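The values are calculated or read from the model by the stated rules, or taken from the named source; none is laboratory data. As the structure is a computational prediction, the values presented were derived from the model and not from experiment. In this analysis, Cβ positions are derived from the backbone assuming ideal geometry, glycine residues included, and neighbour counts consider all displayed protein chains.
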Amino acid sequence: MKKHVISFFAFVLVFLCSLGFIYFEANPTLRLNNTQEQIEWHGQAENEFGTYDGTLIGDLFSGEGSFRFLSGETYVGNWKDSYMSGSGTVSFPRVGVYSGEMRDSMRSGHGVFTWNTGESYDGDWEDDKMSGPGTYTFANGTTLTGIFQNNKPVSGSLAFYDEATDDDPDTKIVSLVYSFSDTERHIAFSTKGGLKYDGDISGLIGAGTAAITYPGGNSYEGQLLNGQRHGSGKYVWRDNAGSTVSYYEGNWDADHMHGTGKYHFTRSEYPYLSGSFENDVPSGTLVYYKALGNTFETKWEHGSCVSIKET
């Protein structure tokens, strides 16, 4: 009986081994992968795209290696299953150089592309396109930092700074920051002559609002139309020391006080003149507020007061 038991277990062992052999032979992919995992070597290989020099596992490019494409491009970096995957550098003749992350032979992840023209992009990529947060630097030093999608900026800020020389006109822009999104178009810039603008870009090419400081120190904050004071706004006159001399709050038309408004003769609330203005001067009947509860009715013609009566 003991011999029969031993014979039976021997038969089972041989049978199980046979099943394993059959399974292994019936799965060539498994057999290939097992073989590749065991063989890692350095060598060269050629295909229809070019020549590879680096680490191979079986006949797959895996690990570190370089590839020279027949079209002239070169890649040096990491590979996985014959795809450029990991970190590496791609050189494009007469175009530029990309250095960063790769996935499935495409720029994906973080990377820097430097064009031969002097421009560069440092940021995120997806499927060979600038997608995600990044900074694009132009050849003149201007930078655009924001969110990109399919190689286009969809939101962010463009910044430009330059030093003015004595020969430059006062209108030369020496600093500019332009912020944009789906709902906002904001710009802030200054010129050599001292003009400062901070507001909607639509205020320069349409209707918008902005805060403007003029050469000499006077300022305006309010509505604009095509770069001119138009609508409701406040204008402040200042002396050389920057102190407020007088101010006007009210309606404007083509850079002129025009419509209803209040003109304050000093930096204080009183005294002030309230009523209708036309081309920067009072027009018609206006009320002069000397102090709280102390008012006068005044009449104006061509910018001159022709009568005054206490009320």
The lone exception for G141 - which of (1) under 30 Å from E163 (Cβ atoms); (2) outside any loop (DSSP other than H, G, I, E, B); (3) not aliphatic (A, V, I, L, M) it fails:
(2)
Quick test of your reading of the structure: G72 fulfils all but one of (1) of a type outside the set (K, R); (2) more than 30 Å from I39 (Cβ to Cβ); (3) buried (at least 16 other Cβ atoms within 10 Å of the Cβ). Name the failing condition by number.
(3)
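Go through segment 242-288 and count every residue that is assigned to a strand (DSSP E or B) and under 17 Å from V306 (Cα atoms). Give the steps one after another, and end with the answer.
Going residue by residue through segment 242-288, those that are assigned to a strand (DSSP E or B) are 244-253, 256-264, 272-278, 281-282, 284-288.
Subset that is under 17 Å from V306 (Cα atoms): 273-278, 281-282, 284-288.
Selection size over segment 242-288: 13.
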Enumeration of residues in segment 298-311 that are surrounded by fewer than 13 Cβ atoms within 10 Å (Cβ to Cβ), in contact with a strand residue (DSSP E or B) (Cβ under 7 Å, 6 or more places away or on another chain) and not aliphatic (A, V, I, L, M)
G303, S307, K309, E310, T311
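Within the group G50, G43, which residue is at pLDDT below 95, of a type in the set (G, A, S) and surrounded by 11 or more Cβ atoms within 10 Å (Cβ to Cβ)?
Numbers: G50 fails: at pLDDT below 95.
Just a single option satisfies the conditions, and that option is G43.
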Checking G118 against (1) in a strand (DSSP E or B); (2) over 15 Å from N150 (Cα atoms), the condition it does not meet
(1)
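Table: residues versus (1) touching a Ser or Thr at 6+ places or on another chain (Cβ under 7 Å); (2) assigned to a loop (DSSP other than H, G, I, E, B); (3) in contact (Cβ under 8 Å) with a residue 60 or more places away in the chain.
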position: M130; (1), (2), (3): no, no, no
position: G134; (1), (2), (3): no, no, no
position: F148; (1), (2), (3): yes, no, no
position: S155; (1), (2), (3): yes, no, no
position: L158; (1), (2), (3): yes, no, no
position: A164; (1), (2), (3): no, yes, no
position: D168; (1), (2), (3): no, yes, no
position: S175; (1), (2), (3): yes, no, no
Suppose we filter S157, S99, S120 for residues that are in contact with a strand residue (DSSP E or B) (Cβ under 7 Å, 6 or more places away or on another chain), over 30 Å from S175 (Cβ atoms), polar (S, T, N, Q) and at pLDDT 95 or above; which single one remains?
S99
Taking into account only those residues within segment 256-297 that are on the phi > 0 side of the Ramachandran plot and loosely packed, with under 13 Cβ neighbours inside 10 Å, which is farthest from the chain's Cα centre (by Cα)?
G293
Looking at segment 226-283, which of its residues are of a type in the set (A, V, I, L, M, F, W, C) and under 23 Å from A207 (Cα atoms)?
V236, W252, A254, M257, F277
Taking the conditions exactly as written (among the small types (G, A, S), assigned to a strand (DSSP E or B) and touching a residue at least 24 places away in the same chain (Cβ under 8 Å)), does G109 satisfy them or not?
no
Go over the candidates Y220, Y247 one by one and state the one that is closer than 24 Å to H186 by Cα, among the aromatic types (F, W, Y) and modelled with pLDDT of 95 or more.
Y220
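Taking the options V154, V112, name whichever one is farther than 22 Å from Y75 by Cβ and surrounded by 13 or more Cβ atoms within 10 Å (Cβ to Cβ).
On the way: V112 fails: farther than 22 Å from Y75 by Cβ.
V154 is the lone residue from the list that is farther than 22 Å from Y75 by Cβ and surrounded by 13 or more Cβ atoms within 10 Å (Cβ to Cβ).
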